[in-house]
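Some notes on the structure that comes next.
The values are calculated or read from the model by the stated rules, or taken from the named source; none is laboratory data. As the structure is a computational prediction, the values presented were derived from the model and not from experiment. Note that each Cβ is placed from the backbone with ideal geometry, even for glycine, and that neighbours are counted across all protein chains shown. Note: areas computed on protein heavy atoms with side chains; ligands, DNA, RNA excluded. Shrake-Rupley method; radii C 1.70, N 1.55, O 1.52, S 1.80 Å.
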Amino acid sequence: TSLASRVFQNPSYERFDSIGFNYRMTPVTAAIGIGQLTNISKLLDSRKFNAGLMLEAIAGCPWLLPQPLNQNGIEHTYYTFGMSYLGYEAKGVSWQEFYDRFCAMGGDGFYSNCKNPYLEPYFKGKVNSGQVFELGLCPVAEDLQSRIMAFKTNYLDQDSARTQAKILSKLIDEIGRT
């Protein structure tokens, strides 16, 4: 089944209705992975550059909070550019409306975070050691999960990354940067 990005990139999308198999990597897959390690610096530099563009795009916007940087001397390599979205409270624009407007302007879309594992269909409602896996079990994590926006950073073409950052900046300005 093929789903529209709008569906599976939404914070309410349930992904896991079963426990997966613990498959191992084949020797061929391992060889390809090892070969890709020769490009790792280039790939990570590209992700960091692209995240820098996104940081510039959201500058001065108090309702988009990027993931904190350089904690304990650890350098962020930006698998994605993650933010906490506070636009509904600040501007009355829901997560989904922001997503739809970003895509309508030519944006590639962005991802939410997976639901908290205990709220996925496989676990939801089950009991373990007397604990029921249900909404409200971890309210802070549940709130944060519903707000996360994870923008792509794997553009190897810097012009594509710049375009996405410009679209984000333009949308923020349309909504009201401050």
Within segment 112-152, report the trypsin sites (Lys or Arg not before Pro) that DSSP leaves as loop and that have at most 15 other Cβ atoms within 10 Å.
Lys126
Beyond 32 Å (Cα-Cα) in this structure, taken from Lys91/Lys126; Lys126/Lys152; Lys42/Lys124; Lys124/Lys152; Lys115/Lys166; Lys115/Lys170, we find Lys91/Lys126; Lys126/Lys152; Lys42/Lys124
Tell me, what is the percent relative contact order of the chain, built from C-alpha pairs under 8 Å that lie six or more residues apart?
34
How are the alpha carbon pair distances in segment 35-76 distributed across 5 Å bins from zero to the largest one, expressed in percent?
5, 19, 21, 21, 18, 9, 4, 2, 0
Answer in debye to the nearest 20: the dipole magnitude of the chain about its Cα centre, from +1 Lys/Arg and -1 Asp/Glu charges placed on Cβ, is 240
Full-extension gain between Thr77 and Ser129, please, as 0.36 nm times their residue separation minus the C-alpha to C-alpha distance.
14.9 nm
Please work out the average accessible area per residue across the chain, using the 1.4 Å probe convention, and give it in Å².
62
Viscosity 1.306 mPa s, temperature 10 °C, Stokes-Einstein D of segment 91-177 from Kirkwood C-alpha radius, µm²/s
104
Between Ser160 and Met25, what length comes free when the chain is fully extended (0.36 nm per residue of separation minus the Cα-Cα distance, one decimal in nm)?
45.4 nm
Taking N as the number of residues in the chain, the ratio of its alpha carbon radius of gyration to 2.2 N^0.38 Å works out to 1.18
Which value, in Å² and to the nearest 10, is the accessible area of Lys166 when all protein chains are kept and the probe is 1.4 Å?
140
Excluding ligands, DNA and RNA, the carbon-plus-sulfur percentage of the accessible area of the chain with a 1.4 Å probe reads 57
Summing Lys, Arg as +1 and Asp, Glu as -1, what charge do residues with Cβ under 14 Å from the Cβ of Arg101 carry, Arg101 excluded?
-2
How much accessible area does Ser129 have with a 1.4 Å probe, in Å² rounded to the nearest 10?
120
Could you pull out every residue, at least 5 positions away or on a different chain, whose amide H is within less than 5 Å of the one on Thr153? Hs are placed 1.01 Å off N in the peptide plane, and Pro or chain starts have none.
Phe81
